[in-house]
Amino acid sequence: MHRNHKPIRKCHNCPLNLGDRCAIYESPHDQWHDKDKCPGYMNEVLLAEYERTLSKQKVDHKRGKRQEEMKLCATAPHYQGSRAPGRR
């Protein structure tokens with residue numbers, strides 16, 4: 001059987017469920033197979049460890065500034081001296 005990295009239906013309420021993957025396990029389906037409960041399901045210790053590793057990652061402030069500038073540029077009107085087709 002082909003194993004997928006996406007969480008299964010039983011992982012719905014778990015905070016480690018990132019939607020397209022599990023934060024801890026490579027194959028969440030294998031964690032539930034032949035078991036009543038995944039060892040990481042609603043596990044506060046694993047969640048705290050995951051959040052600690054996220055906090056250690058470097059935050060890219062340049063990227064955030066660039067994204068803010070691009071959002072402002074997208075809302076500004078761009079006049080090039082000619083009207084849009086169909087407007088007279």
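The values are calculated or read from the model by the stated rules, or taken from the named source; none is laboratory data. Everything quoted here is computed from the prediction, not taken from an experiment. With ideal geometry, Cβ positions are generated from the backbone for all residues, glycine too; neighbour counts draw on all protein chains shown.
Points worth noting:
- Conditions (1) free of Cβ contacts under 8 Å to residues at least 24 places away in the same chain; (2) surrounded by 10 or more Cβ atoms within 10 Å (Cβ to Cβ); (3) among the hydroxyl-bearing types (Ser, Thr, Tyr): number failed by residue 27: (1)
- Among the residues of the range 30-41, the ones that are acidic (Asp, Glu) and loosely packed, with under 12 Cβ neighbours inside 10 Å come to 2 in all.
- In the range 1-24, the residues that are assigned to a loop (DSSP other than H, G, I, E, B), surrounded by 10 or more Cβ atoms within 10 Å (Cβ to Cβ) and over 18 Å from the mean Cα position of the chain (by Cα): 3
- Of the residues making up the range 39-69, just one is more than 16 Å from the chain's Cα centre (by Cα), polar (S, T, N, Q) and in a loop (DSSP other than H, G, I, E, B), namely 43.
For (1) at pLDDT 90 or above; (2) surrounded by fewer than 10 Cβ atoms within 10 Å (Cβ to Cβ); (3) within 30 Å of residue 31 (Cβ to Cβ); (4) not aromatic (Phe, Trp, Tyr), each residue gets a yes or a no:
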{"residue": "43", "(1), (2), (3), (4)": "no, no, yes, yes"}
{"residue": "47", "(1), (2), (3), (4)": "yes, no, yes, yes"}
{"residue": "54", "(1), (2), (3), (4)": "no, yes, yes, yes"}
{"residue": "82", "(1), (2), (3), (4)": "no, yes, no, yes"}
{"residue": "85", "(1), (2), (3), (4)": "no, yes, no, yes"}
